[in-house]
Amino acid sequence: MGRTSHKVRNPKNKPDALLEGPLNYYLELAQEEKQGRPQITQLPDNSWLYVEPIYAQPMCLACHGSNIDSKVKTVIDEKYPDDEAFGFEDGDFRGMFWMKFKEDFGEDES
Ligand code: HEC
């Protein structure tokens, strides 16, 4: 479970091969100025992947916008020297929430 993005602040949140597919799908929608919806997919090992797109809201721009307060910016740059997660605008596709889980939905009791 976590958050990922095409532009991460924390490099630990970079997408792995599994997350790149849905991330690119939401990015393509965003290029057409469309918002995506959550999705759930069954993986080859029968576990499930839930993904939900995240869109920037005005309050997010204080830390992810183009005009970040210099004191905030200093702290961000100290903690996240490889920060890419700025320059967003209200409504921009910001990233994706994801969750992987195993669930048999009660059908396989054996
Ligand atoms: C007070 C500053 C602040 C605000 C406000 C803020 N963020 Fe962040 N955001 C951060 C920091 C710091 C991280 C890195 C967290 C970590 O180390 O995992 C982050 C990480 C993220 C990530 C994970 C991917 C990455 O870049 O590492 C997403 C997605 C995200 N923020 C979206 C949002 C959204 C959407 C909002 C508004 C609802 C928001 N943030 C508001 C500071 C902020």
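The values are calculated or read from the model by the stated rules, or taken from the named source; none is laboratory data. Small disclaimer: the values here were computed from a predicted structure and weren't measured. No Cβ is skipped: glycine too gets one built from the backbone with ideal geometry, and neighbour counts run over all protein chains shown. Calculation scope for accessible area: heavy atoms of the full protein, side chains included, ligands and nucleic acids excluded. Shrake-Rupley method; radii C 1.70, N 1.55, O 1.52, S 1.80 Å.
State yes or no: is ASP77 in a loop (DSSP other than H, G, I, E, B) and either of a type in the set (D, E, K, R) or away from the ligand (no atom under 13 Å from the Cβ) (or both)?
So ASP77 does not fit the description; no.
Are there any pairs with C-beta distances below 9 angstrom linking a residue in the range 65-94 that is of a type in the set (Val, Ile, Thr) to a residue that is outside any loop (DSSP other than H, G, I, E, B) and within 9 Å of the ligand (Cβ to nearest atom), with the two at least 6 apart or on different chains, and if so which?
As it stands, the answer is ILE68/LEU61; ILE68/ALA62; ILE68/ILE76; VAL72/ALA62; VAL72/CYS63; ILE76/CYS63, since those pairs meet every condition given.
Suppose the filter is surrounded by 14 or more Cβ atoms within 10 Å (Cβ to Cβ), within 13 Å of the ligand (Cβ to nearest atom) and within 18 Å of PHE101 (Cβ to Cβ); does ARG3 pass it?
yes
Surrounded by 15 or more Cβ atoms within 10 Å (Cβ to Cβ), away from the ligand (no atom under 16 Å from the Cβ) and of a type outside the set (Ser, Thr, Tyr): which single residue out of LEU19, LEU49 fits that description?
The unique qualifying residue is LEU49.
Would you pick out the residues in the range 90-103 that are surrounded by 12 or more Cβ atoms within 10 Å (Cβ to Cβ) and of a type in the set (A, V, I, L, M, F, W, C)?
Selection gives PHE93, MET96, PHE97, TRP98, MET99.
If you check ALA30 against the conditions, is it touching a residue at least 60 places away in the same chain (Cβ under 8 Å) and within 17 Å of SER5 (Cα to Cα)?
Taking the combined requirement at face value, the residue satisfies it.
Between GLY87, GLY106, GLY65, which is open to solvent by less than 60 Å² (accessible area, probe 1.4 Å) and at pLDDT below 95?
Criteria check complete, one pass: GLY106.
Can you name every residue in the range 57-74 that is within 15 Å of LYS7 (Cβ to Cβ) and within 7 Å of the ligand (Cβ to nearest atom)?
Residues satisfying the conditions are CYS60, CYS63, HIS64.
Return the residue satisfying two criteria in turn: it lies in the range 22-37 and is open to solvent by 70 Å² or more (accessible area, probe 1.4 Å) and in a loop (DSSP other than H, G, I, E, B), and of such residues it is farthest from the ligand (Cβ to nearest atom).
Filtering first and then ranking leaves GLU32.
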